[in-house]
Structures are given as structure tokens and as C-alpha cells.
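The values are calculated or read from the model by the stated rules, or taken from the named source; none is laboratory data. All values derive from a computational prediction rather than experimental measurement. Cβ coordinates were reconstructed from backbone atoms using ideal geometry, including for glycine residues, and neighbour counts include every protein chain displayed. Side chains included, ligands, DNA and RNA excluded: accessible areas come from the protein's heavy atoms. Shrake-Rupley method; radii C 1.70, N 1.55, O 1.52, S 1.80 Å.
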Amino acid sequence: MARVSQEHLDARRRQILTGAARCFAGNGFHGTSMQDVLKEVGLSAGAVYRYFPGKEDLIAAIADEAFGGIREAFEEAAHLVPPPTPDVLLGRVLRGVLEGRMYGMERRECTMLVVQVWAETMRNERLAKTLDEGYAGMRAAWAKLVEAYRAAGIMHSDVPADDVARTMIATAQGFIAQEALFGGVEVEALENGLRGLMSMDPQKIS
């Protein structure tokens, strides 16, 4: 029997995840069956179950990939000198996720899928654990960025790094939720809004 290359295995896994993500984005997790996924990807049950034994495995893999990509972007930014300011960094990361067409989907489909993942964690302990790990990873990555900001002399040290991390993550989550619910939200709006808030002079506020 011919040996299957790792490249082929990775491509097949990507094909399955892409098809599953499209099904989930369009029909929701509970409205999508494994038969729907098989039909979308055009593969046999055996071919799909070789990679993912069930629907929860697909959902967990999609969530893990999404968090992993975002966390890596933040970690890479922490090594830049000087590190990009929050408006630039969040804009860059969100463009990478949304305009990079995650799983070949349009921007709003991507954000709808993310929001569905968040909602599913309320009832799925396995997915909740994946989300917790991803959230902790992003908080740690942002904490490193805060250290880089302070080392560059562009951020005060009187606010806990984790507080800054939680706030910036919440900003990104809010942007994703707005796009999922209403559509038409441009990354430039987030960048401009953050830039405006960052420009405030506390000495002029009485």
C-alpha cells in the first residue's frame, strides 16, 4: 500500500474543517449533523471519522485553531521593538483573522462562527476548557505586550498588566460581536476609536 504523505493528511484535515465550519456558520452547531458535513466535504464517513470521531471534535478543533492563530499574532508582536500600539496591533490581528477569510468564509460568516463557539461553551464542558485555555493564552500574550510597552517607555506601570490584557481582549470580542450581529463594521473604525481614546490628555480632565 502506498504511504500517504503528511502533506496529504494535512490537506484532507483542512478540507474537512473548512466544510464543517461552513456548515456550522450557516446552520449552527445543533442544526448541523455529521451527515451534513460529509455532504459538504464530499468524503465518506470513514475518511472523515479517521480525523474527527464526532461533531464535538470538529468544533473543538475549529476553536483551538482560531485561538492559536490570534495568540501567536500577539506573541509575535511582543518581540517587535518598539511593539505596535494597541490600535495598530488589534487592527492587524483582526484583519488577519477576518480578511484572511478563515476557512474560506466571508467576514461576517467568520464572526458568526466565533460567536457560536462562545455560546456553545455554556453547555459544552470540553469546549469550555478549550476556550478557557485559549483565553488564558491570550491574556498571557497581552501581558507580555504590556511588559514590552513599559520597557519601551510608552506605558505607565501603575495598572496591572492583566487588567490591560482583559480590556484589550474585550475590545476585540466586542468588535467581533458587532460584526456578527449587525455586519458592516470596518476594522478602521476600531483603529480610529482606539486612537481617539489613546489621545486623551488626563491632565486636561478635571
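Quick grid of which residues meet (1) closer than 18 Å to MET112 by Cα; (2) out of contact with any strand residue (DSSP E or B) (no Cβ under 6 Å at 6 or more places or on another chain); (3) open to solvent by 80 Å² or more (accessible area, probe 1.4 Å):
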site	(1), (2), (3)
HIS8	no, yes, yes
ARG14	no, yes, yes
GLY19	yes, yes, no
ARG22	yes, yes, yes
PHE29	yes, yes, no
LEU38	no, yes, no
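Check off (1) loosely packed, with under 15 Cβ neighbours inside 10 Å; (2) within 25 Å of HIS30 (Cβ to Cβ) for MET112 and give me the number that stays unchecked.
Here MET112 clears every test but (1).
From the list ALA152, ALA170, exactly one residue is of a type in the set (Gly, Ala, Ser), in contact (Cβ under 8 Å) with a residue 12 or more places away in the chain and out of contact with any helix residue (DSSP H, G or I) (no Cβ under 7 Å at 6 or more places or on another chain). Which is it?
Details: ALA170 fails: in contact (Cβ under 8 Å) with a residue 12 or more places away in the chain.
That would be ALA152, the only listed residue that is of a type in the set (Gly, Ala, Ser), in contact (Cβ under 8 Å) with a residue 12 or more places away in the chain and out of contact with any helix residue (DSSP H, G or I) (no Cβ under 7 Å at 6 or more places or on another chain).
Can you list residue pairs whose Cβ atoms sit under 7 Å apart, with the first residue in the range 55-75 being part of a helix (DSSP H, G or I) and the second being basic (Lys, Arg) and surrounded by fewer than 20 Cβ atoms within 10 Å (Cβ to Cβ)? Count only pairs 6 or more apart in sequence or on different chains.
Listed by first residue and then by second, the contacts come to GLU56/ARG126; ALA60/ARG126; GLU75/LYS144.
Return the residue satisfying two criteria in turn: it lies in the range 100-109 and is at negative phi and in contact (Cβ under 8 Å) with a residue 60 or more places away in the chain, and of such residues it is surrounded by the fewest Cβ atoms within 10 Å (Cβ to Cβ).
First, the residues of the range 100-109 that are at negative phi: 100, 102, 105-109.
Filter once more, keeping what is in contact (Cβ under 8 Å) with a residue 60 or more places away in the chain: 102, 105, 107-109.
Working: MET102: 23, MET105: 19, ARG107: 22, ARG108: 17, GLU109: 20.
For the range 100-109, the residue satisfying everything is ARG108.
Only one of LEU127, LEU197, LEU131 is under 30 Å from ALA60 (Cα atoms), open to solvent by 30 Å² or more (accessible area, probe 1.4 Å) and in a helix (DSSP H, G or I). Can you tell me which? Full working, then the answer.
Numbers: LEU127 fails: open to solvent by 30 Å² or more (accessible area, probe 1.4 Å); LEU197 fails: under 30 Å from ALA60 (Cα atoms).
It is LEU131.
Given the condition at negative phi, under 19 Å from the mean Cα position of the chain (by Cα) and not in a loop (DSSP other than H, G, I, E, B), answer yes or no: does some residue in the range 26-35 qualify? Steps first, please.
Going residue by residue through the range 26-35, those that are at negative phi are 26-27, 29-35.
Okay, now just the ones that are also under 19 Å from the mean Cα position of the chain (by Cα), so 26, 29.
Next, only the ones that are not in a loop (DSSP other than H, G, I, E, B) stay: 26.
The answer is yes, given that some residue of the range 26-35 is at negative phi, under 19 Å from the mean Cα position of the chain (by Cα) and not in a loop (DSSP other than H, G, I, E, B).
Going through the range 137-159 one residue at a time, which ones are within 24 Å of the chain's Cα centre (by Cα) and open to solvent by less than 80 Å² (accessible area, probe 1.4 Å)?
In the first step, residues of the range 137-159 are kept if they are within 24 Å of the chain's Cα centre (by Cα); the result is 137-149.
Result: GLY137, MET138, ARG139, ALA140, ALA141, TRP142, ALA143, LEU145, VAL146, ALA148, TYR149.
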